[in-house]
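Asker: Dropping a structure here in structure tokens format, bear with me for questions.
The values are calculated or read from the model by the stated rules, or taken from the named source; none is laboratory data. For clarity, every value in this text was computed on a predicted model and none was experimentally measured. Cβ: placed from backbone, ideal geometry, glycine included. Neighbour counts: every protein chain shown.
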Protein chains: 2
Amino acid sequence: MTINYPNGNDYSPNNKQSKKKSTINYGDRGMSLEQEINLSNAYYLNKGIAVIHKKPTPIQIVKVDYPKRSAAVIKEAYFKQASTTDYNGIFKEKYIDFDAKETTNKTSFPLNNFHQHQISHMQQCSKLGGICFSLIKFVKTNELFVLNGTDLFFYWERQYNDGRKSISKQELENSGYKLSYQINPLIPYLDAVDKIIDDNGGK
Amino acid sequence: MTINYPNGNDYSPNNKQSKKKSTINYGDRGMSLEQEINLSNAYYLNKGIAVIHKKPTPIQIVKVDYPKRSAAVIKEAYFKQASTTDYNGIFKEKYIDFDAKETTNKTSFPLNNFHQHQISHMQQCSKLGGICFSLIKFVKTNELFVLNGTDLFFYWERQYNDGRKSISKQELENSGYKLSYQINPLIPYLDAVDKIIDDNGGK
């Protein structure tokens, strides 16, 4: 028996629409990488898996008004350069510290997206037993990579040796952990952290 | 032989001045508790002992001007309530998370210095293996206490049972870790964290 929809279209459990569904790109929703990570962190927090927050943007406040009967208003302030990374928190008893970076490049990730103080901060945390990494997004292709701190530090130092100022996508595919967008969490980056913990021998 | 200073005063290695020195209160320098902790954190960072930073104050930015050839100026912004605690970082491979609170009270610490969301945040971090605590200062007497999260949660819950809205100083002396100001670090609060780790059986 052939079943049709009321509008006369064929019903088929394997029709084109359901095939399309399986290739939905959950990442392509006009959100910034920051919003995507915040959503993922909210999921992890809600499930009791991890407590990881974005640090607020550091601001130098110059002038504040205190109007009567209403909230204080900041009237003059400036953006300060952050001295650390954007995200930190705890997962599986471990201190987690990372930065999220986007590039519109197609084949490589430019190292000038990082600042020396961010690298130094991650190196200090790594020394004390923290898990540090960078979450890198190629926005043109919606590709995501987690690059472990030790590998990031290697590429960072390399630019001062042979002068290469970027990490090729091929290198990210070899040394990083590629992630796919999914529904919940949108960016399952703690899967990569699990692998980093495994690769460290559970430490 | 009697040695005198050029102005005729007696020299003595045990004179009053050197006795006075031993009772200098390093905490009584007109600094806020936040400044004192930041100084202590700078010391710990510099020595490679811990990486612990204060999170920036969260701000809701409403209006920003972008003048030509100069830095962006925030023209309207509001203070937001923080959803977490003030400080976090890593020490001895452990995730550290704490808040710093001052009171002008003399004999007890009022629990309304805390908000439910801060307590909830610390409870979530504790569950995942983080070390959470509160650093409490009695400003009139320059007394400092570290109160471990589990004890703080006990007193927090108690207010909903028998209605006591504060922690007495006696209770802090019994269940907390009393700290003394010193030169470096100004507030040696990681000594108390070491004891918390010991009391947890090294975990």
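Asker: Would you pick out the residues in the range B:62-74 that are at the interface with chain A (Cβ under 7 Å from one of its Cβ atoms) and surrounded by fewer than 16 Cβ atoms within 10 Å (Cβ to Cβ)?
Answerer: Across the range B:62-74, the qualifying residues are B:Ala71, B:Ala72.
Asker: Please go through the range A:47-97 and pick out each residue that is β-branched (Val, Ile, Thr), in contact with a Lys or Arg (Cβ under 7 Å, 6 or more places away or on another chain) and farther than 30 Å from A:Ile131 by Cα.
Answerer: A:Val64
Asker: Criterion first (at the interface with chain A (Cβ under 7 Å from one of its Cβ atoms) and under 17 Å from the mean Cα position of the chain (by Cα)) does B:Thr84 satisfy it?
Answerer: Values: at the interface with chain A (Cβ under 7 Å from one of its Cβ atoms): yes; under 17 Å from the mean Cα position of the chain (by Cα): yes.
Taking the combined requirement at face value, the residue satisfies it.
Asker: Still on this structure, I have one more. Mind checking which residues of the range A:140-166 are in contact (Cβ under 8 Å) with a residue 40 or more places away in the chain and in contact with a strand residue (DSSP E or B) (Cβ under 6 Å, 6 or more places away or on another chain)?
Answerer: Correct list: A:Leu144, A:Val146, A:Asn148, A:Tyr155, A:Ser166.
Asker: How many residues, within the range A:62-81, are within 28 Å of the chain's Cα centre (by Cα) and of a type in the set (Ser, Thr, Tyr)?
Answerer: Here the count works out to 1.
Asker: Further question: Taking A:Lys101 as the residue in question, decide whether it is of a type outside the set (S, T, N, Q), at pLDDT 95 or above and farther than 25 Å from A:Gln116 by Cα.
Answerer: no
Asker: Does the range B:62-71 include one or more residues that are among the small types (Gly, Ala, Ser), in contact with a strand residue (DSSP E or B) (Cβ under 8 Å, 6 or more places away or on another chain) and part of a loop (DSSP other than H, G, I, E, B)?
Answerer: yes
Asker: Any residue that is surrounded by 16 or more Cβ atoms within 10 Å (Cβ to Cβ), at the interface with another protein chain (Cβ under 8 Å from one of its Cβ atoms) and of a type in the set (Gly, Ala, Ser) - is there at least one of those in the range B:34-45?
Answerer: no
Asker: I need a count of the residues in the range A:87-111 that are part of a loop (DSSP other than H, G, I, E, B), touching a helix residue (DSSP H, G or I) at 6+ places or on another chain (Cβ under 8 Å) and within 14 Å of chain B (Cβ to nearest Cβ).
Answerer: Adding up the residues that qualify gives 1.
Asker: Also: Mind checking which residues of the range A:46-61 are facing chain B (nearest Cβ under 7 Å), more than 16 Å from the chain's Cα centre (by Cα) and assigned to a strand (DSSP E or B)?
Answerer: Passing the criteria: only A:Ile59.
Asker: Report, by residue number, each residue of the range A:112-138 that is away from every other protein chain (no Cβ under 14 Å) and either under 22 Å from A:Lys195 (Cβ atoms) or crowded, with 18+ Cβ neighbours inside 10 Å (or both).
Answerer: If the condition is that a residue be away from every other protein chain (no Cβ under 14 Å) and either under 22 Å from A:Lys195 (Cβ atoms) or crowded, with 18+ Cβ neighbours inside 10 Å (or both), then A:Phe114, A:Phe133, A:Ser134, A:Leu135, A:Ile136, A:Lys137, A:Phe138 are the ones that fit.
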